[in-house]
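The values are calculated or read from the model by the stated rules, or taken from the named source; none is laboratory data. Keep in mind that this is a model prediction, so the values were computed, not measured. A quick note on method: Cβ atoms are made from the backbone with ideal geometry, for glycine too, and the neighbour counts reach across all protein chains shown. In case anyone asks, the SASA skips ligands and DNA or RNA and just uses the protein heavy atoms, side chains included. Shrake-Rupley method; radii C 1.70, N 1.55, O 1.52, S 1.80 Å.
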Amino acid sequence: MSERLIELQFAPSLLYFLLLKETTFIEAHENYNKRSFRNKCYIKGNRGSQWIILPLVKGKNRLPIQEVAISYEHRYISSIKHSLQTEYGSAPYYMHYIDDIMNILDRNHQYLYDLNLDILSYLCKQLDVSMPQQTTEYEHQPNQKVDYRDQIKPQLMDKNPRLLEEHEVEFYHFVPGHSILEVLFNYGPASANIIQRLTLSEFIGE
């Protein structure tokens, strides 16, 4: 199967990790695109799905992705912790993972790319998924990789509402478009089994 190429996202969805099951590269030399999951993710909410958003320093549009800085003017870390506690605090494995997640956020990374890379590395270890390599240069049209950049994005959820609806596989319940944190908090080590059971093509065309 061909190698895959995708942008680095914040606390990515289950869909993203289904893609990572095959050899995948992270785009390290693109420019920032605001209409994406680069600085946001979906989690459970009172009325369906809600955003967690990382505030960024102004002027980030079209800036090289590794130069996009996080804004700490608003106390977003405490807001994220409150949202996760509210929605998942009673989940069986919440206490097992939340301290690790918050420790990563508390490092106060200057750049979005570095924070996302740290979170992805941690999640890959928990889910028994190989950590992707990073690209060494930008290719507008990759010759030897299937280009998934900006394919898993908010507009995809708008066009496919079922991606934000609960699915059931055997006794597992999950929302494909929500952050993988939701699966981890609910199923802990068994989360790796969920990823192995599913394929990306079950939810979006490949």
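Laid out as a table, the results:
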{"quantity": "Residues (of a type in the set (D, E, K, R) and either assigned to a helix (DSSP H, G or I) or touching a Gly at 6+ places or on another chain (Cβ under 7 Å) (or both)) located in the stretch 56-79", "calculated": "Glu67"}
{"quantity": "Extreme residue, farthest from Val68 (Cα to Cα), among residues of the stretch 80-119 that are part of a loop (DSSP other than H, G, I, E, B) and in contact with a helix residue (DSSP H, G or I) (Cβ under 9 Å, 6 or more places away or on another chain)", "calculated": "Pro92"}
{"quantity": "Options Ile195, Ile204: the member that is open to solvent by less than 50 Å² (accessible area, probe 1.4 Å) and either part of a strand (DSSP E or B) or under 27 Å from Glu30 (Cα atoms) (or both)", "calculated": "Ile204"}
{"quantity": "Test result for Leu184, in contact with a strand residue (DSSP E or B) (Cβ under 7 Å, 6 or more places away or on another chain), within 25 Å of Asn103 (Cα to Cα), open to solvent by less than 70 Å² (accessible area, probe 1.4 Å) and part of a helix (DSSP H, G or I)", "calculated": "no"}
{"quantity": "Breaking point among (1) modelled with pLDDT of 95 or more; (2) of a type in the set (Lys, Arg); (3) open to solvent by 10 Å² or more (accessible area, probe 1.4 Å), for Arg38", "calculated": "(3)"}
{"quantity": "Selected residue (only one of Tyr72, Tyr93 is more than 20 Å from Glu22 (Cβ to Cβ) and surrounded by 16 or more Cβ atoms within 10 Å (Cβ to Cβ))", "calculated": "Tyr93"}
{"quantity": "Residue match in the stretch 123-133 (condition: under 28 Å from Ile77 (Cβ atoms), open to solvent by less than 40 Å² (accessible area, probe 1.4 Å) and not in a helix (DSSP H, G or I))", "calculated": "yes"}
{"quantity": "Yes/no for Leu163 being touching a residue at least 12 places away in the same chain (Cβ under 8 Å), open to solvent by less than 40 Å² (accessible area, probe 1.4 Å), over 24 Å from Lys34 (Cα atoms) and touching a helix residue (DSSP H, G or I) at 6+ places or on another chain (Cβ under 6 Å)", "calculated": "no"}
{"quantity": "Residue check for Pro189: at pLDDT 95 or above, loosely packed, with under 14 Cβ neighbours inside 10 Å and in contact with a helix residue (DSSP H, G or I) (Cβ under 9 Å, 6 or more places away or on another chain)", "calculated": "yes"}
{"quantity": "Strands (runs of 3 or more DSSP E) enclosed by the stretch 1-53 - at least 1 residues per element that are touching a Lys or Arg at 6+ places or on another chain (Cβ under 7 Å) and touching a residue at least 40 places away in the same chain (Cβ under 8 Å)", "calculated": "3-7, 24-27, 48-53"}
